[in-house]
Amino acid sequence: MPDRLSPSAAGMWAQCPQRWWYRYVEGLPEPPPGEPAVLGTFVHRVLELLLDQPPADRTEATAKALARHVWEVTERSEDWQSLELDDAAARRFRQRAWSTLLAYFSHEEPESVRPVARELLVETEVGGVPFRGFIDLVETADDDAVVVTDYKTGLPPRPGKPWSEEQRAEKLLQPQWYAAALAALGDHVPTRARLLYFTALDGQTPGSFDLRTEELVVDTSPDALEPAVDELRRRWGAIGEALQTGHVDASPGPLCGWCPYVEHCSVGQDECRQRWDARNRVTGERRLRSDAPAVRVLGLVDDAGTPGVTVADPVVGSAVPMPEPAPMGR
Ligand code: SF4
């Protein structure tokens, strides 16, 4: 039995128990984090440093100086090296990272944030489950409520296409578990938890970005948290059962195309092949994107017989200025 459950492990279990098994029981290595994960780490670090500044100094100019500093560290990291980006793609990465920070500034006024803690490690029992995670931000709101915030630089819902209740509930579990853990530790009693999405998607014109933000907020009174805590308990119980019986089920779906263990998983391979062969009746597009890693792993080919892998065109130049790496002037 693992000695604790993290939100990412609990999320992976819900997505596909077989994937969780490969990762946490068989210990198969995960590939290095891709661009979105490296960008998320970069942005989280800049925001952490930004909120360390006195309120009046939490400006875009300060964020730019901090981004230069964090960029220098990022460039030396193994995760960055593993991306193997050429100059144009690296420049595009930095433009997107800075634009993601601009998306944050378009939604939040950092000078008015009253942080209680940033990147806070919470390690405690939640509903009897040993739990461990890092909270991006604990803050005091205008109404003196203690608010737990989780930043997300991934995709918010598309305009006009809100998430279903089920999707929304699944996404809110993580900040709810954080709130329950914080309450269990006893130093702060959170009143609300929020998921703050801010992201920079490719814009209509080359080099431009479409900034998107979304905020989901939930009440974190003990009664309101109970269903989330029950769900954590249920996943922990199911993990224990799987470890006792040595059996897990696979949950194939669209994410099989991005699963790092697809080469080991016959169920996932069948799913990917079916999706590759199926087409949307209206658009004619395949149900598995050609840039999904599984396409290359499984050797799927397009109608012309060429490997179904597309390489994004590196776009040089942007309307959004990105600071060049330079010593931080703090
Ligand atoms: S390939 Fe699909 S079914 Fe197989 S482990 Fe990965 S996510 Fe689960």
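The values are calculated or read from the model by the stated rules, or taken from the named source; none is laboratory data. It should be emphasised that the depicted structure is a prediction, and the values quoted were computed from it without experimental measurement. Neighbour counts are summed over all protein chains in view; Cβ atoms, including those assigned to glycine, are modelled from backbone coordinates with ideal geometry.
Tabulated values for the structure
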{"read-out": "Contacts under 7 angstrom Cβ, first residue in region 258-270 being within 12 Å of Arg296 (Cα to Cα), partner assigned to a helix (DSSP H, G or I) and more than 8 Å from the ligand (Cβ to nearest atom), 6 or more apart", "value": "Trp258/Pro293; Val262/Val297; Glu263/Val297"}
{"read-out": "Residue identified as touching a residue at least 60 places away in the same chain (Cβ under 8 Å) and either surrounded by fewer than 21 Cβ atoms within 10 Å (Cβ to Cβ) or under 21 Å from Ser112 (Cα atoms) (or both) among Glu78, Glu72, Glu84, Glu60", "value": "Glu72"}
{"read-out": "Residue within region 22-38 that is farther than 30 Å from Ala238 by Cα and aliphatic (A, V, I, L, M) present", "value": "yes"}
{"read-out": "Residues within region 209-238 that are basic (Lys, Arg) and buried (at least 18 other Cβ atoms within 10 Å of the Cβ), tallied", "value": "2"}
{"read-out": "Any hit, region 206-214, residues being within 22 Å of Leu5 (Cα to Cα) and among the basic types (Lys, Arg)", "value": "no"}
{"read-out": "Selection status of Val297, within 16 Å of the ligand (Cβ to nearest atom), aliphatic (A, V, I, L, M) and at pLDDT 95 or above", "value": "no"}
{"read-out": "Restricting region 4-54 to residues that are in contact with a strand residue (DSSP E or B) (Cβ under 6 Å, 6 or more places away or on another chain) and not in a helix (DSSP H, G or I), the residue that is farthest from the ligand (Cβ to nearest atom)", "value": "Leu51"}
{"read-out": "Members of region 239-271 that are among the hydrophobic types (A, V, I, L, M, F, W, C), under 19 Å from Ala10 (Cα atoms) and under 24 Å from the mean Cα position of the chain (by Cα)", "value": "Ile239, Ala250, Leu255, Cys256, Trp258, Cys259"}
{"read-out": "Per-region count, region 135-174, residues assigned to a strand (DSSP E or B), in contact with a helix residue (DSSP H, G or I) (Cβ under 6 Å, 6 or more places away or on another chain) and of a type in the set (A, V, I, L, M)", "value": "2"}
{"read-out": "Helices (runs of 4 or more DSSP H) (entirely within region 218-303) containing at least 3 residues that are closer than 30 Å to Glu125 by Cβ, touching an Asp or Glu at 6+ places or on another chain (Cβ under 9 Å) and in the same structural domain as Asp150 (by TED's automatic domain parsing)", "value": "none"}
{"read-out": "Residue within region 184-199 that is touching a Phe, Trp or Tyr at 6+ places or on another chain (Cβ under 7 Å), within 30 Å of Ala88 (Cα to Cα), modelled with pLDDT of 95 or more and not charged (D, E, K, R) present", "value": "yes"}
{"read-out": "Selection status of Asp210, in the same structural domain as Pro130 (by TED's automatic domain parsing), away from the ligand (no atom under 16 Å from the Cβ), of a type in the set (D, E, K, R) and touching an Asp or Glu at 6+ places or on another chain (Cβ under 9 Å)", "value": "yes"}
{"read-out": "Candidate set from region 271-294 (those that are among the acidic types (Asp, Glu) and loosely packed, with under 13 Cβ neighbours inside 10 Å); member that is nearest to the ligand (Cβ to nearest atom)", "value": "Asp277"}
{"read-out": "Qualifying positions in region 19-42 - surrounded by fewer than 20 Cβ atoms within 10 Å (Cβ to Cβ), in contact with a helix residue (DSSP H, G or I) (Cβ under 7 Å, 6 or more places away or on another chain) and either hydroxyl-bearing (Ser, Thr, Tyr) or outside the structural domain of Leu101 (by TED's automatic domain parsing) (or both)", "value": "Tyr24"}
